[in-house]
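Enquirer: The structure is given below, and queries will be raised subsequently.
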Amino acid sequence: IGVLGSGDFARSLAIRLVCSGFKVVVGSRNPKRKAGLFPSAAEVTFQADAVKKTDVIFVAVFREHYSTLCDLADVLAGKILVDVSNNTEINHHKESNAEYLASLFPACTVVKGFNVVSAWTLQSGARDGNKQVLICSNNQEAKRIVAEIAQVMGFTPVDMGCMSSACEIENIPLRLLPAWKIPIFLALGLFLCFFTYNLIRQVIHPYIREQKNKLYKIPIEVVNTTLPCVAYVMLSLVYLPGVLAACSQLYYGTKYRRFPDWLDQWLQHRKQIGLLSFFCAALHAVYSLCLPMRRSHRYQLIEMAVKQAVEKKMNIWVEEEVWRMEIYISVGIIALGLLSLLAITSLPSIANSLNWREFSFIQSTLGFIALVISTLHTLTYGWSRAFDENQYKFYLPPTYTLTLLVPCTVILAKIIFSLPCIQHRLLRIRRGWEKGRYVKFVLPSTTGEYSSGETSSNV
């Protein structure tokens, strides 16, 4: 196998090919200077000599340097050229690099592939990176040959069709977390809303009403009050679109009616929303552990001790508060543990080891249990303080009462859907039953002939 180029990717590609048992010939414009960069088992020679000795050639040069290979057009005729290049911007050129290479060498067969694999993955092996190699070409035989090479190297070839798919394949490595944009903006929006709300209650209200400076609460306490709100609401938003989808199917009596685009996008982003929920919950746990480490907290403890000594109180133990905090922390730990399990099983390497029933049980059933336990965590935090008028700053209710709206709606809907009458109807719809669908039937007549008719599937 030939490799044209002597850059980082060409070097990593040659190493992987040699380790996979191939004989590699590297074509370079300065073979003497570049020979030391490649494994000793690879032959480093001039480009023309490398082309003559091989039938499958990896073109590991930039698009701008394709023209330098035009002098080799006669020698390259009939060869298979594998274009591994990428652009610096999405849709930077009107045509893909592979199509441009094919136009320069019409006598060659061009295959697009290996551009989504990094040089690090090539050196470390498929176990440390993305195992998929996307391949496209107008020649089926050439695709088959390149796919076999990818399999021998330890990768999984994926046929992406004809050469017109090359542009899409080249855009894949340039995208920066395309599935995460909406969930991240959603999390940031929720964080800003809850942070502003808590800032008003915990910092601005004491300053206006009591002239107390509480700005020191912003870095830790206000943020720590905001994070669980975001995590809790984001977790409920993972299961809310499923409720809306079920309502749509029950209303229209079919599963074949397309969901609105916004609901379809929402359903597709549930994994990212759930992982961001876990991220905020984990940060909340870390912030909570750091609360006693603050200097302000130490001052407050000393102040309480002095106040107790002055008032000559020997015991300030409140049984109800002790139990509330014990239950609150215990339930929160369980909720965080379930969220961790959901996050771990969403990783491709873990999810691929589970069958569909196991994956659905963890993500759906245990996820809903995590939502219920998180609700208990929030309720035990609020306890009876939701009915204390001192908790309403500027007549604003406590933050945790606002966060209960969406999760409680989801839990109530799930309970309603679990009723036998509704659950049975929803199960029938998801198995293909449709409301108002007419099916043809054939009945034998008394004369031995058959008569046809129609009836509603409702009957």
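Enquirer: Between A305 and T365, what is the label-point separation in nm under the 7 Å Cα-to-beta-carbon projection?
Expert: 5.1 nm
Enquirer: Would you rank M293, M160 by solvent-accessible area, highest first, keeping every protein chain in place and using a 1.4 Å probe?
Expert: The residues order as M293, M160, largest area first.
Enquirer: A follow-up question, please. What is the spread of the Cα atoms of segment 180-431 along each of their three principal axes, largest first, in whole Å?
Expert: Rounded to whole Å, the extents work out to 72, 36, 35 Å.
Enquirer: With no solvent and one equal point scatterer per Cα, compute the Debye intensity ratio I(q)/I(0) for the chain at 0.06, 0.07, 0.10, 0.13 Å⁻¹ and report its log10, rounded to two decimals.
Expert: So the normalised log intensities work out to -0.49, -0.63, -0.92, -1.12.
Enquirer: Right, another one. Before anything else, pin down the relative contact order of segment 180-431: Cα pairs under 8 Å, at least 6 apart, normalised by residue count, whole percent.
Expert: Numbers: 200 pairs, mean separation 65.4, N = 252.
Relative CO of segment 180-431 lands at 26 percent.
Enquirer: If each of M293 and T156 carries a label point 7 Å out from its Cα toward its Cβ, how far apart are those two points in nm?
Expert: 4.1 nm
Enquirer: So, R0 is 45 Å and r is the distance between the beta-carbons of F259 and E389; what FRET efficiency does that work out to, to 0.05?
Expert: 0.55
Enquirer: At a Cα cut-off below 30 Å, give the lysines reachable from K212, other chains included and same-chain residues fewer than 8 away excluded.
Expert: K307, K312, K313, K393
Enquirer: Hey, if you put +1 on the Cβ of every Lys and Arg and -1 on every Asp and Glu Cβ in the chain, which of H297, L371, S103 ends up farthest toward the positive end of that dipole?
Expert: H297
Enquirer: Leaving ligands, DNA and RNA out of it, rank I333, I327 by accessible area with a 1.4 Å probe, largest first.
Expert: Values: I333 110, I327 65 Å².
Heavy-atom accessible area, descending, gives I333, I327.
Enquirer: What FRET efficiency do you get for W356 and A245 if R0 is 22 Å and r is their Cβ-Cβ distance, rounded to the nearest 0.05?
Expert: 0.75
Enquirer: Starting from the Cα-Cα distance between S349 and I208, subtract it from 0.36 nm times their residue separation and give me the gain in nm to one decimal. Before the final figure, lay out the partial values.
Expert: Working: separation 141, 0.36 × 141 = 50.76 nm, distance 5.37 nm.
Gain in length upon complete extension: 45.4 nm.
Enquirer: Take every DSSP beta bridge with both residues inside the chain and express the antiparallel ones as a percent of the total, to the nearest 5. Present the calculation step by step, with values, prior to reporting the outcome.
Expert: On the way: 9 of 31 bridges.
In the chain, DSSP labels about 30 percent of beta bridges as antiparallel.
Enquirer: Where only protein heavy atoms count, and the probe is 1.4 Å, what is the accessible area per residue for the chain in Å²?
Expert: Dividing the accessible area of the chain by its residue count gives 58 Å².
Enquirer: Normalised by the number of residues in the chain, what is the relative contact order in percent for Cα pairs under 8 Å and 6+ residues apart?
Expert: It rounds to 10 percent for the chain.
Enquirer: What's the longest bit of the chain with no exposed trypsin sites (Lys or Arg not before Pro), using DSSP loop states and at most 11 other Cβ atoms within 10 Å as the test?
Expert: Of all site-free stretches, the longest is 314-430.
Enquirer: Here is a further query. Which value in nm describes the separation of the simple spin-label points at W317 and A107, placed 7 Å from the Cα toward the beta carbon?
Expert: 9.6 nm
Enquirer: Note down the Stokes-Einstein diffusion coefficient of segment 1-77 in µm²/s, whole number, using a Kirkwood radius over alpha carbon pairs, 25 °C, and 0.890 mPa s.
Expert: Numbers: Rh = 12.2 Å.
Diffusion coefficient, whole number: 201 µm²/s.
Enquirer: Also: Taking Cα pairs under 8 Å and at least six residues apart, what relative contact order does segment 1-155 come out at, in percent? Present the calculation step by step, with values, prior to reporting the outcome.
Expert: Working: 269 pairs, mean separation 32.4, N = 155.
Over segment 1-155, the number comes to 21 percent.
Enquirer: Could you work out what % of the accessible surface of the chain is carbon and sulfur, using a 1.4 angstrom probe and leaving DNA, RNA and ligands out of the count?
Expert: Reported share for carbon and sulfur atoms: 61 percent.
Enquirer: Would you tally the net charge around I208, using a Cβ to Cβ cut-off of less than 13 Å, leaving I208 out, and scoring K and R as +1, D and E as -1?
Expert: +4
Enquirer: Give me the Debye-computed log₁₀ of I(q)/I(0) at q = 0.11, 0.19, 0.20 Å⁻¹ for segment 1-138, equal point scatterers on Cα only, no solvent, two decimals.
Expert: Debye intensities relative to I(0), on a log10 scale: -0.37, -1.14, -1.26.
Enquirer: In whole Hz, what ³J(HN,Hα) sequence does segment 165-175 give by Karplus (6.51, -1.76, 1.60; θ = phi - 60°), x for Gly and Pro?
Expert: The phi angles translate into 7, 4, 4, 5, 5, 6, 7, 4, x, 8, 7 Hz.
The values are calculated or read from the model by the stated rules, or taken from the named source; none is laboratory data. Just so you know, these numbers come straight off a predicted model, no measurement behind them. In this analysis, Cβ positions are derived from the backbone assuming ideal geometry, glycine residues included, and neighbour counts consider all displayed protein chains. Note: areas computed on protein heavy atoms with side chains; ligands, DNA, RNA excluded. Shrake-Rupley method; radii C 1.70, N 1.55, O 1.52, S 1.80 Å.
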